[in-house]
Amino acid sequence: MRSITEIYIDGAFVTPHGQETVDLFNPSTEEKIGSVRLGDREDARAAIVAAKRTFPAFSRTSKAERIDMLTRLSAAVSARTEELTAAMAEEYGAPHYFTGFSVSHAASAFLNMAATLENYDFTRRIGRAEVTMQPLGVVAAITPWNSNYGFICGKLATAIAAGSTIVIKPSEMSGMQTQILTECLHDAGLPKGVFNIVNGRGDVAGAEFSAHPDIAKVTFTGSTAVGKQILKAGAETLKRVTLELGGKGANIILADADLDQAIPIVLTMGLTNSGQACIAGTRILAPKSRLPEILMHLKTGMEAIRTGDPKDPQVRVGPMVSQKQFDRVQSYIRLGREEGAEILAGGEGRPDGIDRGWFIRPTIFTNVTNEMRIAREEIFGPVLVVISYEDDEDAIRIANDTSYGLQAYVHSGDLDHARKVADRLESGRVVVNGAPHEPLAPFGGFKQSGIGREFGLFGLEAMLEPRAVLV
Ligand code: NAD
């Protein structure tokens, strides 16, 4: 049983003023594995004071000094890969393939930002103006539970590269993961106050960060509903925001796709991180002309997917993070039936042979229209829908007929064909034929999937403000 009793302010682990504690669970067993004591508004304000005090000196650090800090942070995170990975499996239940790259992905965020910084010119001349890109001030980061390390490290790396200090409120459900990660970041030996980490509730510590006048910018990853609250809370002081929100990605199988190649990728992208991923391609669009054979491939592929112990390398789908998330996903499976969709694989209840843990049967619905709630709302679990289309125009229309626009997928035997379709999608990213991640390319959403972009140059400039001096 792990008891997390401290938060991190001004370079030190301190006991929070807040008294509230929440329990932490192993989602594979439903057993309580620990508790975390939460910071309150006073703790959030103490973190802001430390970050504000450190900002003037930190904003004047050189590029070389920041690159050195980023390099040290990356090494410090990598040094405890095994412990970080184990905590993620235990507290979150992410499957082995996902935990296997999560820590290296988080550590590489610092190196990617160091490389971006290396090539970045903070000053440029425009006519008679000298334009300098300035750090914004104190930044607040608010992050979700579904990839705790990656979000914290990515936002911290960008703030440091820009010369801003930061206060971070991770998900209250990630206490054990956050504790080890914070110890790693502390070991990198940065000046005190550069980063401060406060475990706390969203409507307490998160709300304080979102409204406090000394916060210049909020960088948030989480649900669209909370993103809107943060935007409203920041409006009074005109905070800059980057909002990385929900998604309902189209996963388009074009008529010329090789199904043996495409279907495994379609399912991998749909079920990524047990379906608890904003980027999951959960709306499969299939051409009517090939619907029967596509459904056959999808059914066979889905039934072969192993669900269970996240530590088992063969397992592709682990448990949902909480009882609440389990109940929510089950309710969507019920809703799908009520809306008139048909189950091709999966269904309500736990997978065969599993009688505890927040496990869901990977489920795929057919006979779905894009008007149904299971096609429009983010379910955040291993539940996919198949919507049939007539031709490319129809596929593009359906793909864009959503309030989201984060990441879409196109599968085709002809790259030019895939690109033509990709060019018409209202989506921050489009992945063709399962292409690998590009860490320096911008990431973020169109429409209600968010505001702004992260990663690389676009991410860095979202933390900077130009000042033009005319002489
Ligand atoms: P959530 O929005 O419930 O919580 C995210 C964070 O916001 C948590 O730290 C929470 O404590 C905090 N929060 C809650 N209420 C708040 C408030 N009123 N003010 C300030 N902070 C508040 O999201 P979640 O359930 O933790 O994560 C799942 C959601 O995150 C999904 O919708 C998913 O699509 C989204 N997500 C988006 C991305 C992306 O990059 N676009 C990545 C991962 C997850």
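At-a-glance table
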quantity	calculated
Segment 250-432: antiparallel DSSP beta bridges as a percent of all, rounded to 5	15
Relative exposure of 25, 55, 195, judged by other C-beta atoms within 10 Å (fewest first)	25, 55, 195
Given 299/447; 228/420; 228/447, the pairs whose alpha carbons are separated by over 24 Å	299/447; 228/420
For the chain, diffusion coefficient by Stokes-Einstein and Kirkwood Rh (Cα), 10 °C, 1.306 mPa s, µm²/s	69
Whole-angstrom gap from segment 217-254 to segment 121-159, using each part's C-alpha centre	17
With 5 Å bins from 0: P(r) over segment 246-356, alpha-carbon pairs, percent	2, 10, 18, 25, 23, 13, 6, 2, 0
On Cα atoms only, tilt of 291-303 relative to the major axis of the chain in degrees	60
Whole-Å distance, taken between Cα centres, linking segment 441-471 and segment 409-429	24
Residues 387, 126, sorted so that the one with the fewest Cβ neighbours within 10 Å comes first	126, 387
Hits among lysines - C-alpha to C-alpha of residue 192 under 19 Å, sequence gap 8 or more where chains match	52, 63, 155, 169
Rounded, prolate or oblate (a/c below 1.5 giving rounded, otherwise prolate when a/b exceeds b/c) for segment 169-225 by Cα gyration tensor	oblate
Cα gyration tensor category, rounded, prolate or oblate, for segment 250-432 with a/c compared to 1.5	prolate
Taking 48, 252 and counting other C-beta atoms within 10 Å, the order from fewest to most	48, 252
Helix 41-59 vs. the chain, principal-axis angle (Cα, 0 to 90°, nearest 10)	70
Fraction of antiparallel bridges per DSSP, segment 88-196 only, in percent to nearest 5	40
The chain: antiparallel DSSP beta bridges as a percent of all, rounded to 5	40
Estimated [θ] at 222 nm from DSSP helical runs (n ≥ 4, -39500 (n - 2.57)) normalised by residues in the chain, nearest 500	-12000 deg cm²/dmol
Cα-based helix-to-principal-axis angle, 175-187 vs the chain, degrees rounded to 10	40
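Read the figures in this text as sums done on the coordinates, not as results from a lab. What you see is a predicted model, and the numbers here were worked out from it, not measured in a lab. Backbone-built Cβ (ideal geometry, glycine too); neighbour counts: all protein chains shown.
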